[in-house]
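Trainee: Here it is, the structure in full.
Values quoted throughout were computed directly from the atomic coordinates according to the rules given, and no laboratory measurement underlies them. Every value quoted in this text rests on a predicted model; they were computed, and no experiment measured them. Ideal geometry is used to build each Cβ from the backbone, glycine not excepted, and the neighbour counts take in all protein chains shown.
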There are 2 protein chains.
Amino acid sequence: MQRPQTVAEQVANVLRESIADGSLAAGTPLRQDDLAERFGFSRMPVRDALRQLEAEGIVSIHPTKGAHVARMDATEIREIFAVRALLESEALRLSVPNLAKDTLDEAGHVLKQIDAEPNVGRWGTLNRAFHLALYSACGNARLLGLIEAHHNAADRYVRVLLSNLNYRSRSQSEHWDILTTCRHRDAEAAVRLLKRHLGEGVKTLVEAGLAGKS
Amino acid sequence: MQRPQTVAEQVANVLRESIADGSLAAGTPLRQDDLAERFGFSRMPVRDALRQLEAEGIVSIHPTKGAHVARMDATEIREIFAVRALLESEALRLSVPNLAKDTLDEAGHVLKQIDAEPNVGRWGTLNRAFHLALYSACGNARLLGLIEAHHNAADRYVRVLLSNLNYRSRSQSEHWDILTTCRHRDAEAAVRLLKRHLGEGVKTLVEAGLAGKS
DNA sequence: TTCTGGATACTCGTATACGGGAATACAGAT
DNA sequence: ATCTGTATTCCCGTATACGAGTATCCAGAA
């Protein structure tokens, strides 16, 4: 970006990460005064940050009632994953023929990191990095942006998934399979595996009963 | 919505419409002071509105440099339409089997209105209403939201298209064809027509040389 | 004439201040 | 004891104020 980093952006980044890693649970009210005091800034940049996060769909704002961490029910999770499947399938289909060998190696390296990483907190980040690497050659910046946004929106739920060891090992083997088909330049097979991969994720999530009751 | 209407939202709505109908051309700088004075409010709600519109992709904000109406080049237009084709095809595919007869009739009514409407300014709105009506039964609110957002982003370019009488009559006949296939519950045929419809649009746009040079 | 350096003006980001509406809690009546 | 009405408190939306960074413009030198 190389742009002057504004306070609002810093606040947004910290909040986003706090929400993603679960420090701020779904439904938590986000009082402007509290946050301003906690960060040591005034309410204005906090307001900007909250608006930013609202646009990303991870917080909800109601006029006069304030902001709270967005609460997702099973329906919304299903919707997000349906959209992800649609967007990421297309991105992968477009990307596979153009994937540089370096990028494929990089994706493989990320997978090895996941296998070796003991810190649960970093799995989410690495998981995202792997997926985005595969799509990076799709040639449509806006599509990539949408995909990233939906990763942000779903991240804290995915991280719950990843903390389940069973799911994680299955997810990893699916990742390796996808990477292999990409190396073989078999886009359609890769897309099939990706769709199944995402389908397994949402199924596990919904079965785990992570739906909010609000 | 039924929520308290905040000043920032009003400002955002007015600005959005002004940008869509061309009153504010691409690249136009949006000075916070000017807008605040023009609307008769302070800069704060204007800031909120600009942030909102930035999230929608209609304006760009650079810290310390200010906001301006987003400028799109041919590449971005192609990207937007590629994403639209992807999103709207899926929405239509999901929606067709569930479309109530009332909704189909409503869509037909909108098309008749377009045929009868002499005011160029309203075509854009009606055009959008037709498309959204067809997707309304897709059962995925988030998908619909994304589609609407992309309509907003592309609206001012589409309106330029629609002011071309040749394009408009062709577009209308394509609309009628799509509606007919929907009535026959032939989702795949409808999707094919829709893709061609959007493809014609982007082709006409790019040929017309509407690309910005920024 | 052209290029450079500095001063001025402009605009944004952030801080502080104020007014209003919603939620809550308490008191009084049934 | 419970319900209702009122008052208080909290919080957000909006307004005003201030400091900083950038761009512009003019003057002076090459």
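Trainee: What's the minimum Cβ distance from chain B to the axis relating it to A, in whole Å, and which residue gives it?
Mentor: Of all Cβ atoms in chain B, the one nearest the axis gives B:Ala55, 2.
Trainee: Rank the residues A:Phe81, A:Phe41 as a footprinting-exposure proxy: fewest other Cβ atoms within 10 Å of their Cβ go first.
Mentor: A:Phe41, A:Phe81
Trainee: To make sure I understand, if each residue's beta carbon is the centre and we count other beta carbons within 10 Å, what order do A:His131, B:His197, B:His184 fall in, fewest to most?
Mentor: Going from sparsest to densest Cβ surroundings: B:His184, B:His197, A:His131.
Trainee: When the Cα atoms of the range B:86-164 are enclosed in a convex hull and the volume is divided per residue, what value in Å³ results?
Mentor: Hull volume over Cα atoms, normalised by residue count, gives 83 Å³.
Trainee: Over the protein assembly as shown, one equal point on each Cα, no solvent: what is log10 I(q)/I(0) by the Debye formula at q = 0.05, 0.06, 0.08 Å⁻¹?
Mentor: The calculated log intensity ratios at q = 0.05, 0.06, 0.08 Å⁻¹ are -0.19, -0.27, -0.49.
Trainee: Then there's this: Report, for A:Glu207, each distance to the same residue's label point in the other copies, shortest first and in nm; define the point 7 Å along Cα→Cβ.
Mentor: Output for A:Glu207: 5.3 nm, nearest copy listed first.
Trainee: If you don't mind, another one. Considering only the label points, 7 Å along Cα→Cβ from Cα, what distances in nm to one decimal separate B:Arg192 from the same position in each other copy, shortest first?
Mentor: Result for B:Arg192, in nm, nearest copy first: 2.4.
Trainee: Then there's this: Return the lysines within reach of A:Lys195: Cα separation strictly under 19 angstrom, same-chain partners fewer than 8 residues apart disregarded; answer none if there are no such residues.
Mentor: Of all the lysines, those that pass the test against A:Lys195 - Cα under 19 Å, at least 8 places apart if same chain - are A:Lys203.
Trainee: Testing the spin-label approximation: label points 7 Å from Cα along Cα→Cβ at A:Arg122 and B:Ala141. State their distance in nm.
Mentor: Taking the two extended label points, one gets 3.8 nm.
Trainee: Measure off 7 Å from each Cα along the Cα-to-Cβ vector at A:Ala208 and A:Ser18, then give the distance between these two points in nanometres to one decimal.
Mentor: In this crude label model, A:Ala208 to A:Ser18 measures out at 2.3 nm.
Trainee: How high is the FRET efficiency between A:Asp186 and B:Thr180 when r is their beta carbon distance and R₀ equals 45 Å, given to the nearest 0.05? Show your work: numbers first, answer last.
Mentor: Numbers: r = 38 Å, r/R0 = 0.84.
For A:Asp186 and B:Thr180, the calculated efficiency is 0.75.
Trainee: Tell me the relative contact order for the range B:7-69 as a rounded percent, counting alpha carbon contacts under 8 Å between residues six or more apart.
Mentor: On the way: 65 pairs, mean separation 26.0, N = 63.
Rounded, it is 41 percent for the range B:7-69.
Trainee: Pick out which of A:Gly27, A:Gly145, A:Gly124 has the largest mean-square fluctuation in a Gaussian network model of chain A, springs linking Cα atoms closer than 10 Å.
Mentor: Looking only at A:Gly27, A:Gly145, A:Gly124, the largest GNM fluctuation is found for A:Gly145.
Trainee: Here is a follow-up. Let me check the size of the range B:1-156 from its C-alpha atoms; what are the radius of gyration and Dmax in Å?
Mentor: 17.4, 53
Trainee: Another one. May I ask you to derive the relative contact order of chain B, considering only C-alpha pairs under 8 Å and at least 6 residues apart, and to give it as an integer percent?
Mentor: Values: 229 pairs, mean separation 52.0, N = 214.
Reported as a whole number, the value is 24 percent.
Trainee: In addition: Across peptide B:47-56, how many C-beta atoms of other chains are within 10 Å of each residue C-beta, on average?
Mentor: Mean partner shielding for this stretch: 3.
Trainee: Starting with the fewest neighbours, write out B:Leu165, B:Leu53 ranked by other beta-carbon atoms found within 10 Å of each beta-carbon.
Mentor: B:Leu165, B:Leu53
Trainee: What is the distance in Å between the Cα centres of the range B:56-135 and the range B:28-43?
Mentor: 28 Å
Trainee: A follow-up question, please. How much mean residue ellipticity at 222 nm does the protein assembly as shown get from its helices, if each DSSP H run of length 4 or more adds -39500 (n - 2.57) and you divide by all residues, to the nearest 500 deg cm²/dmol?
Mentor: Numbers: 18 runs with 302 residues, N = 428.
The helix contribution divided over the protein assembly as shown gives -23500 deg cm²/dmol.
Trainee: Next up: Given springs between every Cα pair under 10 Å in a Gaussian network model of chain B, which of B:Asn166, B:Asn152, B:Asn127 has the largest fluctuation?
Mentor: Evaluated over chain B, the most mobile residue of the options is B:Asn166.
Trainee: In nm to one decimal, list the spacings between the B:Gly27 label point and its equivalents in the other copies, with label points set 7 Å along Cα to Cβ, shortest first.
Mentor: So the distances to the same position in the other copies read 5.2 nm.
Trainee: Apply the Kirkwood formula to the range A:7-69: the hydrodynamic radius equals the inverse of the mean of 1/r over all pairs of different alpha-carbon atoms; give it in Å with one decimal.
Mentor: 11.3 Å
Trainee: Can you work out the FRET efficiency for the pair B:Asp105 and B:Ser42, with r the C-beta to C-beta distance and R0 = 35 Å, to the nearest 0.05?
Mentor: 0.15
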